[in-house]
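The values are calculated or read from the model by the stated rules, or taken from the named source; none is laboratory data. Note that the coordinates shown come from a computational prediction; the quantities given were computed from them, not determined experimentally. Cβ sites come from the backbone with ideal geometry, for glycine too, and all protein chains shown count toward neighbours. Calculation scope for accessible area: heavy atoms of the full protein, side chains included, ligands and nucleic acids excluded. Shrake-Rupley method; radii C 1.70, N 1.55, O 1.52, S 1.80 Å.
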Amino acid sequence: MEKNTTISTDILEIQGFDISPGFIHPVFFLLLFVYFSLLFSNIGVLVLIITEKSLHQPMYILFCNLSVNDLIGNTVLLPRLMAHVLSTERFITYNQCVAQAFHSHTFGSASHMILVIMAIDRYVAICYPLRYSSIMSTRTVVGLSATAWGVSLVLVSILIGLTVRLPLCRSVIQNAYCDNASLFKLSCEDVSINNIYGLFFTVLLFSCSIGGIAVTYFRIALICWIKKNKELNNKALQTCASHLVLYLIMLWSGFLTIILHRFPNYPDLRKIAFILFHVVPANLNPIIYGMQTNSLRDKIIQILQRKVTPT
């Protein structure tokens, strides 16, 4: 039976993945490729939107939010994960672990909130095209973006705040990264409040996210069915299908991570689901949204043509 003894340490050990020696370097280079590809694509989209005046429109503010969130969320996770893949000694300070958990949960919350705003943006663009510029003005989009980040930061601050108050009686993170559940499992104290707030946080976030997406898509589908306009239907399918696919990937990988914390017999599956939650949308977002958005796609094609055309 484990003693309820408080320990005083600033150094934590991360369990990580059990990778056979022959696969260490392939896994490292795979993660490195994934990280560099998402850095290149997301920074590229940000630079393009910032430098091209024709892209200084409300819709592209949402793209910038998504890219910034993807960059922060993955930069907090992947470099340290790659270092731990190569190293047999996987240590992290408690403060670094808390910071990683905070940024990781903020990334997840902000992803849901931003995608809901993007769904609302698509709804207005498809159902009220003539009023789009007046409804989704720069001020409105900036306000919605600030709200998304503000709500995420407040909810996550409370989540992590409830955890850091707990004394530690263990020093091994039973995970490949730091998240809130792994942190409060280091304590031998009663964590009922953490579990209750964690459940509230999850239900609130997923209810708002799923509810917002469901309502907007239902109304888009209803408008398309009533009007029976082929051009409108094609526009709705083109702009909404990719958004929905990315949202479902993020949703289910997030669900798996949360659910598998309750099933300790599948630790590697939980770790992989968490990493997929970070890297898959971050790599696909700039590609799909860049190619689906005419103005952004045209600018990318123009730049590529200038690069390959000899002077």
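Within the chain, helices built from complete DSSP H runs that reach 27 Å or longer along their own axis (Cα positions) and carry a mean Kyte-Doolittle hydropathy of 0.5 or higher are 21-51, 58-86, 94-127, 138-164, 192-227, 230-260, 267-292. What is the range 1-117 by shape, rounded, prolate or oblate, if you read a ≥ b ≥ c off the alpha carbon gyration tensor as root eigenvalues and call it rounded for a/c under 1.5, prolate for a/b larger than b/c, and oblate otherwise? The shape class here is oblate. For K271, the aspartates and glutamates whose Cα comes closer than 19 Å to its Cα, not counting residues fewer than 8 places off in the same chain, are E13, D18, D70, E89, D179. Within the listed set R270, R80, R131, the Gaussian network model of the chain (springs between alpha-carbon atoms below 10 Å) gives the highest mean-square fluctuation for R131.
Under the simplified labelling scheme, the S133-I288 pair shows an inter-label distance of 3.0 nm, with each label point 7 Å from Cα along Cα→Cβ. Surface analysis of the chain yields an accessible area of 52 Å² per residue, using protein heavy atoms and a 1.4 Å probe. Surface composition of the range 182-277: carbon and sulfur atoms hold 73% of the protein heavy-atom accessible area at a 1.4 Å probe.
Find the centroid of the Cα atoms in the range 189-212 and in the range 14-45, then give the distance between the two in whole Å. Computed from Cα coordinates, the inter-centre distance equals 30 Å.
In the chain, a dipole from Cβ-located charges (positive for Lys and Arg, negative for Asp and Glu) runs towards its positive end, and of H243, S20, L155 it is H243 whose Cα lies farthest in that direction. Can you give me the Cα centroid spacing of the range 46-121 and the range 142-187 in angstrom? Measuring centre to centre over Cα atoms gives 16 Å.
Within 15 Å, Cβ to Cβ, of L78, how many net charges do the neighbouring residues add up to if Lys/Arg are +1 and Asp/Glu are -1? That sum, taken over residues with Cβ under 15 Å, equals +1.
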